[in-house]
Amino acid sequence: MLRNFFIFYAFFLVLVFTVFGFRGCKSERTPIEIFPDMDHQARFHPQGASDFFPDGRMDRPQIPGRMPFITAEQEQFPHLMPDTRYRGDTYLATGKRADGDEYGDGIPVSLTESNMRHGRDLYQIYCAICHGDSGDGGGVLAAERYGYPTIVSLLQQRLLDQSDGEMFEVITHGRGTMGAYGSKIRVEDRWKVIMYVRALQRASQGSVDDVPSARRGELDL
């Protein structure tokens, strides 16, 4: 009886190692998948071939004359939707002049208190963590707190002299160790952030003489 048990046990071990193999062993044979978990599904590969379409291409050509537009849903939930609205104003959309070669200056959105507040809110969400609440580069990720040494102060002369269009492009596409925010902040809203950054820069260069005389009494000097 015991002999039969050992024979069966040995046969079982051989069967297990035959089916599952040893850990780390390599084989060119297709593995046995007890639970495939949807690992193998029909899918289309970018720029691949397909017999479904007459031209044999997987990718579909763009429809001539198509133009991106913004939907009512994007208007209702702008923070959840990508901004695909077509803009005929080259400078508004790119920060560059109509010829596309030089950065422009000026902020092509209305200078209003509402836009300034919106720019401030977006700055505090996306920018202050690195550049600090005042723009001095002392955000929570700065070198003295989390060891991120490449954060720059927005109050330095180089950025004071930087054109608005170039700042827009940096926000959109990123530069150096700064990531791109074009997919996170809508086009007009990027200009509002720049509007607020310019206000921070102006405040850093200001003095008591810049405050209207009627409001100087409100200052805590």
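The values are calculated or read from the model by the stated rules, or taken from the named source; none is laboratory data. Remember, predicted model here, so these are calculated numbers, not experimental data. Please note: Cβ atoms are built from the backbone with ideal geometry, for glycine as well, and neighbour counts cover all protein chains shown.
Pairs are defined by a Cβ separation below 7 Å, a sequence spacing of at least 6 or placement on different chains, a first member in the stretch 81-96 that is modelled with pLDDT under 70, and a second member that is small (Gly, Ala, Ser) and assigned to a loop (DSSP other than H, G, I, E, B); the pairs so defined are PRO82/SER183. Cβ-Cβ distances below 6 Å connect the following pairs, each with a first residue in the stretch 169-182 that is within 13 Å of HIS131 (Cβ to Cβ) and of a type outside the set (Asp, Glu), a second residue that is surrounded by fewer than 14 Cβ atoms within 10 Å (Cβ to Cβ) and at pLDDT below 90, and a separation of six or more residues or different chains: THR177/THR150. Looking only at residues of the stretch 169-221 that are of a type in the set (Val, Ile, Thr) and part of a helix (DSSP H, G or I), we find that the one that is farthest from GLN157 (Cα to Cα) is VAL187. For the residues ASP210, ASP189, the requirement of being surrounded by 15 or more Cβ atoms within 10 Å (Cβ to Cβ) and closer than 22 Å to GLU113 by Cβ singles out ASP189.
Once the stretch 118-157 is narrowed to residues that are among the charged types (D, E, K, R) and either modelled with pLDDT of 95 or more or within 20 Å of the chain's Cα centre (by Cα) (or both), the residue that is surrounded by the most Cβ atoms within 10 Å (Cβ to Cβ) is ARG120. Residues considered: ASP105, ASP99. Of these, the only one that is touching a residue at least 24 places away in the same chain (Cβ under 8 Å), acidic (Asp, Glu), more than 13 Å from TYR196 (Cα to Cα) and in a loop (DSSP other than H, G, I, E, B) is ASP105.
Would you say PHE6 is outside any loop (DSSP other than H, G, I, E, B) and either at pLDDT 75 or above or in contact with a strand residue (DSSP E or B) (Cβ under 9 Å, 6 or more places away or on another chain) (or both)? No; evaluated as a whole, the condition is false for this residue.
Would a scan of the stretch 197-218 turn up a residue that is closer than 25 Å to GLY95 by Cα and in contact with a His (Cβ under 6 Å, 6 or more places away or on another chain)? No - not one qualifying residue is present in the stretch 197-218. Of all residues assigned to the stretch 174-195, at least one qualifies as being touching a strand residue (DSSP E or B) at 6+ places or on another chain (Cβ under 9 Å), modelled with pLDDT under 95 and not acidic (Asp, Glu). Any idea which residue in the stretch 158-168 is surrounded by the fewest Cβ atoms within 10 Å (Cβ to Cβ), counting only those that are in contact (Cβ under 8 Å) with a residue 40 or more places away in the chain and closer than 13 Å to GLY95 by Cβ? Of everything passing the filter in the stretch 158-168, SER163 is surrounded by the fewest Cβ atoms within 10 Å (Cβ to Cβ).
In the stretch 32-60, the qualifying residues are those that are in a loop (DSSP other than H, G, I, E, B), of a type in the set (Gly, Ala, Ser) and modelled with pLDDT of 80 or more, and the one that is surrounded by the most Cβ atoms within 10 Å (Cβ to Cβ) is SER50.
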